[in-house]
Amino acid sequence: MSEINLNESASTEDSVEEETDWAAAKAFFDNLKTNKPRPPKPRFAVTIAVSSRTLFNMVAERKIYEEEGVEKYVVYQVEHESEPLKPGAAFPFVKALMTVNARLRELYPDSEELFDIVLMTNNHAQVGVRLINSINHYDLTIERFCMTGGKSPIGYLKAYMTNLYLSKDSEKVTEAIEEGIAAATMFMAQTETVKELSHTQLRVAFDGDAVLFSDESEIIVKKEGLDSFFEHEKKFENKPLAQGPLKCFLEALGKLQRKFYAKNERMNCPIRTFLVTARSAASSGARVLKTLRSWGLEIDEALFLAGAPKGPLLQKIKPHIYFDDQMFHIEGANEMGTISAHVPYGIGQKYHKGKLIEQPEKKK
Amino acid sequence: MASTIQNTEVKQKNADRAVVVAVTSREVFKDGPDDGREILDIDESFLLLKLLHRVNERLEEENPEEPLLFDVILITTDSQRQQQSSRIISSTKHYGLEISRFCFASEDDFAESLQKNNVQLFLTTDRNEASQAAQKGVLSALLDQQVACSPSDQLRVMFCEDAVIQPDSGRAVQSFTAQMGEMRRRFGMSDSPLSFILVTLHGGKDSCADSLLTLRSSGLSVDEAYCLAGAPRGPIMSVLQPHFMISISSSGLEK
């Protein structure tokens, strides 16, 4: 999933236009008096799309939207457009991406293999002025955005070659995953823990089943119980699990990590990845590690909890973002100060704390 | 010599306030064989007229006396078609199209004809025609052939820094923008039959912010904004689906 392949059959006319646009943009940024780095060429970049409500804290504004309607909301935003918004759940993650970019530019000044951060919002364009002012206030390198004025951003996610989409809206996130784009719904953490996050290293933690891997094994746990699960995993230890929605994002991170290793920076690598799984090392853990190996992917630290709560461990890891498919774990992590992102994929969506959720009829 | 004929079946619009839009008869009617039939075949796929008409309908719903409407005139720009003038007029009446005037001109003098008729926006799929008209100071835009034929419930107008046709006069863009802004304000944020889109193709966020504010000070609050900063425009345009594009420069609408 989420493999953005270069469309080899693009017409020559398109490519000429593409190159002209690229050259014009390059010239534009090179001529700017500020020494702002120009955004990378999308085809080579790892594109992270963030919504306005994950980048900034817009809780108060959201309330106005819900209680007084869109017109009053936009008027309010325009009236306050010189006031920068406060940071949101994805803010530390975005700052960490910028840190990695700075290190990459030092080592590879001519490379386009960088993180590209795109603001993807269905806000009205007039709210954009406040968003741009806020981005400038914090000196964030975000030069690309979509403000769709109420329309779904999903089509634009693909058009911008998005590798990861973060939003507060679980419906949009689900839609993105269904379209094959890695996506997660973000939840804010408490402010105190945000201050403790690393300023020099991007730290990303992943759950295993139904995040990096498919939910095939989780289905067995839910339907047949733990014993069946252990037996099954032992039996199929050497058969790689199928991919999950975030596998390609881990792959993109790995590709950038290897650029640091190539320059002898392994000990000082500004990207660190963690697997935090309820599986136990002894019985079901082997299959996970072997699957990663078969994909040619590395993960820096694999933590097998054998069912113990994830919260305390994540508190120690202090990731800039933690991906999990089960709300139960997201809530636990959040309560203990971890910035969590829910991946609405797989069988875990139908269960809560091990019990099958009675789904109401979907509203048409 | 160019000539202008009024359509007696349609109520004439307010000359001071209406936004005069010219489209070519070539887009509206299919080239018919000279078989003596009076009525030409309408090009069903050309949906632009419907969209313009829908805006007018919605405007009149809000205010039956609304003077700020689209005033659509049909221009015939080649001598060959001029010969079909009576058929063009009859066909327009036959289909009940909301076209208030017909202009018959040749390749050489159609641009003047547009000027004489106070055309504020000339839409065509022919690049040369659009350039010619632009050189005479008429705001012209190239209609996207494919989009013009795709079903849509909204007329989508895009502003960017390098539309195919560069306007000769910043003032023409400015007055058009001001009128569009006023028209747009007649509708709410959602469910509008008109949508205005800003696309910054090469510049970054600050260029985009400048353009947003420039358009706003000219009276138009755009609905959607996209900043590409050099990203390939093809994939994004195919999602955006604008009907036509108008050039603005970031530094201001006055050139």
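Annotations for the structure displayed:
- Along the axis of the charge dipole computed for the protein assembly as shown (Cβ charges of +1 for Lys and Arg, -1 for Asp and Glu, origin at the Cα centre), the listed residues A:F91, B:V222, B:S90 are led at the positive end by A:F91.
- Ordering B:V164, B:V19 by accessible surface, largest first, gives B:V164, B:V19; the 1.4 Å probe counts only protein heavy atoms, with every chain in place.
- Farthest toward positive dipole pole in chain A [+1 Lys/Arg, -1 Asp/Glu at C-beta], among A:G180, A:G348, A:F28: A:G348
- Kyte-Doolittle mean at least -1.0, axial Cα span of 27 Å or more - DSSP H helices of chain A: A:12-31
- Largest GNM mean-square fluctuation across A:A182, A:A23, A:A205, computed for chain A with C-alpha springs under 10 Å, falls on A:A23.
- A 1.4 Å probe run over the protein chains yields, for region A:273-364, 50 Å² of accessible area per residue, whole-number rounding.
- Whole-number D in µm² s⁻¹ for region A:23-108, Kirkwood Cα-pair radius fed into Stokes-Einstein, 37 °C, 0.692 mPa s: 207
- For region A:1-155, size of Cβ-based charge dipole, Lys and Arg +1, Asp and Glu -1, in debye: 640
- Rounded to 5, the percent of DSSP beta bridges in the protein assembly as shown classed as antiparallel: 20
- Compactness of chain B - radius of gyration and Dmax, Cα, Å: 18.0, 60
- Between A:K26 and A:H80, the simple spin-label model (points 7 angstrom out along Cα→Cβ) gives 4.2 nm.
- Percent of Cα pairs exceeding the 32 Å cut-off, where the set is the protein assembly as shown: 54
- Of the solvent-accessible surface of region A:152-302, computed with a 1.4 Å probe and all protein chains present, 50% belongs to carbon and sulfur.
- The contact between chain A and chain B removes approximately 3100 Å² from the accessible area (both sides summed; 1.4 Å probe; ligands, DNA and RNA excluded).
- Taking chain A and dividing mean pair separation by its residue count, relative contact order in percent (alpha carbons under 8 Å, at least six apart): 18
- Lys/Arg +1, Asp/Glu -1 at C-beta; region A:162-246 dipole; positive extreme among A:F236, A:N163, A:V211: A:N163
- Helix-only [θ]222 nm of chain B, DSSP H runs n ≥ 4, -39500 (n - 2.57) each, per residue, nearest 500: -10000 deg cm²/dmol
- Here the relative contact order of region B:1-101, from alpha carbon pairs under 8 Å that lie six or more residues apart, stands at 45 percent.
- Shown for chain B: the carbon plus sulfur share of the solvent-accessible area, taken with all protein chains present and a 1.4 angstrom probe, equals 46%.
- Gaussian network model of chain A, springs between alpha carbon atoms under 10 Å - residue of A:I347, A:I117, A:I64 with greatest fluctuation: A:I64
- Shown for region A:267-364: lysine pairs separated by 8 or more places, or found on different chains, whose C-alpha atoms are under 24 Å apart, numbering 11.
- Screening chain B for whole DSSP H helices of 20 Å or more along their axis (Cα) with average Kyte-Doolittle hydropathy at least -1.0 returns B:48-62, B:170-185.
- When the residues A:E216, A:E237 are ordered by accessible surface, computed with a 1.4 Å probe over the protein chains alone, the sequence from largest down reads A:E216, A:E237.
The values are calculated or read from the model by the stated rules, or taken from the named source; none is laboratory data. All values derive from a computational prediction rather than experimental measurement. Quick reminder, even Gly has a Cβ in these numbers, built from the backbone with ideal geometry, and neighbours come from all protein chains shown. Just the protein is used for accessible areas: all its heavy atoms, side chains included, with ligands, DNA and RNA removed. Shrake-Rupley method; radii C 1.70, N 1.55, O 1.52, S 1.80 Å.
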